[in-house]
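Just below is one structure, and these are the notes that go with it.
The values are calculated or read from the model by the stated rules, or taken from the named source; none is laboratory data. What you see is a predicted model, and the numbers here were worked out from it, not measured in a lab. Cβ sites come from the backbone with ideal geometry, for glycine too, and all protein chains shown count toward neighbours. These area figures cover heavy atoms from the full protein model, side chains too; ligands, DNA and RNA do not enter into them. Shrake-Rupley method; radii C 1.70, N 1.55, O 1.52, S 1.80 Å.
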Amino acid sequence: MAFRGVDYLCVDSLFSDEELLVRQTARRFADERILPVIRDCYRDARFPSELIPEMAALGFLGANLEGYGCAGMNNVEYGLVMQELERADSGVRSFVSVQGALVMYPIYSYGSDEQKLKWLPLLQSGRAVGCFGLTEPDFGSNPGGMRTTAQRDGDSWVLNGEKTWITNGSASHVAVVWARTPQGIRGFLVERGAPGYSTSDIHGKWSMRASVTSSLSFSDCRVPESNRLPAAAGLKAPLSCLSQARYGIGWGVLGAAMDCYETARQYSVLRKQFDNRPIASHQLVQEKLAWMITEITKAQLLAVHAGRLKDQHRLEPAHISMLKRNNVAMALECARLSRDLLGANGITDEYPVMRHLCNLETVKTYEGTDHIHALVIGERVTGVPAYR
Ligand SMILES: Cc1cc2nc3c(=O)[nH]c(=O)nc-3n(C[C@H](O)[C@H](O)[C@H](O)COP(=O)(O)OP(=O)(O)OC[C@H]3O[C@@H](n4cnc5c(N)ncnc54)[C@H](O)[C@@H]3O)c2cc1C
């Protein structure tokens with residue numbers, strides 16, 4: 001059955017006709033193309049790569065960038081696309097987030113003209129896939145401690161080190177890799193097949209099963225100076241990319257929460273217990289549904305406001321921390337409550353809830369954990385950093 005949307009407080013009245021049209025397009029794509037395959041993909045731990053050309057044709061890759069074939073969507077339209085994709089599965093939304101916010105955005109913002117002309121059309125059209133290598137085995141929340149190094153040698157750079165937990169890693173034609181140089185942290189485009197570069201996939205995940213996650217290894221990996229991102233200097237460059245991705249996550253998880261809420265709402269009306277009455281007739285059940293719809297509505301308003309601020313270039317990283325942290329925690333709790341209301345059925349993949357719940361555990365951790373975003377907000381309101 002096609003998704004009707006979740007709108008308790010006339011939030012749709014905040015969207016323009018164009019924004020609603022973009023949402024409708026993404027909604028139909030999720031319903032007709034992702035949902036029919038996603039359960040099997042999740043079971044088989046397979047990313048549905050056959051959908052990449054279609055997502056590209058619909059303008060979902062690098063959707064809020066201008067030029068190079070990109071759709072030039074505003075940030076609310078972009079957010080609504082993320083919402084609908086994640087309503088289907090966080091793994092598919094992750095693919096689009098990484099490709100757009102973590103690969104195209106750094107090339108767009110920090111790349112040379114040649115890098116932009118070479119890679120952005122390929123990445124926008126889905127003819128190339130990219131990944132973003134920041135996290136290392138010993139440095140997750142604290143990427144500034146990274147050990148991967150890049151040493152200049154004539155016209156090239158020699159990279160040594162390891163990145164891990166990299167979405168799209170082994171599927172990528174190009175990796176945006178962050179490494180320590182004598183001048184500070186710099187970004188490099190490492191192309192598939194570069195000497196000394198190899199990838200291996202991480203298996204055994206109970207979360208993000210429909211997403212490729214890999215480790216990247218650099219052993220005297222040589223890349224030309226022309227593959228360094230010339231305008232990226234210091235940790236603030238990768239952090240600016242994370243801000244783009246976190247903004248999309250703040251919207252995406254709304255989709256997962258809506259799917260969990262709507263699944264529980266429909267189930268509670270149909271499922272009967274005690275005197276053949278629907279479980280929806282019980283106060284404890286209604287209280288859970290009331291909590292979910294209230295929190296979803298508040299999270300929608302937060303996302304729309306953040307989107308409008310972003311379009312006015314007034315959205316700051318500390319604002320995005322609040323959006324990401326609040327909306328992910330909200331979605332995770334919706335998934336848990338929905339799982340509860342579905343009883344035993346809630347643990348099967350006949351319903352999407354347990355899949356969302358497992359995926360959202362990753363979304364809570366990546367792109368800055370809940371704790372780290374709390375510390376960003378804490379620093380913003382006190383002026384005192386408390387990370388160490
Ligand atoms: C499926 C998946 C895909 C991912 N994709 C990518 C990707 O594409 N590219 C990439 O670079 N990375 C990626 N990541 C990595 C992700 O960004 C990291 O896992 C994340 O930054 C957390 O790092 P960590 O796992 O090392 O946890 P740690 O940093 O070891 O944290 C463990 C716990 O300690 C807490 N903690 C740490 N420091 C503090 C502190 N100062 N105060 C309070 N609490 C603290 C954390 O909040 C957390 O609860 C991915 C991860 C997953 C699971």
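With one equal scatterer per alpha carbon and no solvent term, the Debye-computed log10 I(q)/I(0) for segment 186-297 at 0.18, 0.23 1/Å reads -1.07, -1.23. Shape of segment 113-232 from the C-alpha gyration tensor: oblate (a/c of 1.5 or more and a/b not above b/c, with a ≥ b ≥ c the square roots of its eigenvalues).
Within the chain, the proportion of C-alpha pairs whose separation exceeds 36 Å stands at 22%. Less than 5 angstrom separates the built amide H of I185 from those of G234, L235, all sequence-distant by 5 or more or on a different chain. Note down the relative contact order for the chain as a percent, whole number, built from C-alpha pairs under 8 angstrom at least six residues apart. Relative contact order, the chain: 17 percent.
Whole-Hz Karplus values for segment 331-340 come out as 5, 4, 5, 4, 5, 5, 5, 5, 4, 4 Hz, taken residue by residue from phi with 6.51 cos²θ - 1.76 cosθ + 1.60 and θ = phi - 60°; glycine and proline positions read x.
The tail of the calculated P(r) for segment 176-235 beyond 16 Å holds 53 percent of all Cα-Cα pairs.
Length available on full extension from L239 to S49: 0.36 nm per residue minus the Cα-Cα distance, which gives 65.6 nm. Computed from backbone phi with θ = phi - 60° and the Karplus coefficients 6.51, -1.76 and 1.60, the 3J(HN,Hα) list for segment 72-84 is x, 5, 6, 6, 6, 4, 4, x, 5, 5, 4, 4, 5 Hz; x is used for glycine and proline. The phi-based Karplus calculation (6.51 cos²θ - 1.76 cosθ + 1.60; θ = phi - 60°) puts the 3J(HN,Hα) values of segment 226-243 at 5, 9, 7, 6, x, 9, 8, 9, x, 5, 5, 5, x, 5, 5, 5, 4, 4 Hz, whole numbers, x for Gly and Pro.
Write down the Kirkwood hydrodynamic radius of segment 310-388, to one decimal in angstroms, obtained as one divided by the mean of 1/r over all alpha carbon pairs. Walk me through the intermediate numbers first.
Working: mean 1/r = 0.0707 Å⁻¹.
Every distinct Cα pair counted, the radius reaches 14.1 Å.
Indicate the gyration tensor shape class of segment 10-80 (rounded, prolate or oblate), computed on the Cα atoms with a ≥ b ≥ c the square roots of the eigenvalues: a/c under 1.5 is rounded; otherwise a/b larger than b/c is prolate and the rest oblate. It is oblate, given that a/c is not under 1.5 and a/b is not larger than b/c. Express the Stokes-Einstein translational diffusion coefficient of segment 62-105 in µm² s⁻¹, to the nearest whole number, given a Kirkwood radius over alpha-carbon pairs, 10 °C and a viscosity of 1.306 mPa s. In µm²/s, the coefficient is 152.
Sorting the segments 98-108, 8-18, 260-270 by their residues' average number of neighbouring beta-carbon atoms within 10 angstrom, most packed first, yields 98-108, 260-270, 8-18.
Here K272 is the anchor, and the lysines within straight C-alpha reach of less than 23 Å, apart from those fewer than 8 places off in the same chain, are K288.
Compactness of segment 42-84 is given as radius of gyration and Dmax, 12.2, 38 Å, from Cα positions. Distance between Cα centroids, segment 130-172 to segment 272-343: provide it in whole Å. The two parts, judged by their Cα centres, are 35 Å apart. Each 10 Å bin from 0 upward holds the following percent of the Cα-Cα pairs of segment 209-272: 14, 22, 29, 17, 10, 7, 1.
Over the C-alpha atoms of segment 41-176, the Rg to Rh ratio, Rh being the Kirkwood estimate, stands at 0.99. Of the accessible area of the chain, with the probe set at 1.4 angstrom, what percent is carbon plus sulfur? Looking at the chain in its full context, I get 53 percent from C and S.
Near the amide H of R192, within less than 5 Å, lie the amide hydrogens of V174, A175, all on another chain or at least 5 residues away, with H placed in the peptide plane. Local charge for D44 was computed over the other residues whose Cβ lies under 14 Å away, with Lys and Arg +1 and Asp and Glu -1, and equals +1.
Suppose all protein chains stay in the model; what accessible area per residue would a 1.4 Å probe give for the chain, in Å²?
Per-residue value: 43 Å².
In this structure, the residue pairs whose Cα-Cα separation is over 30 Å, taken from K116/K236; K118/K324; K205/K324; K205/K310, are K118/K324; K205/K310. At q = 0.18, 0.22 Å⁻¹, what log₁₀ I(q)/I(0) does segment 253-388 have when each alpha carbon counts as one equal point scatterer in the Debye sum? Reported log10 I(q)/I(0), two decimals: -0.97, -1.23.
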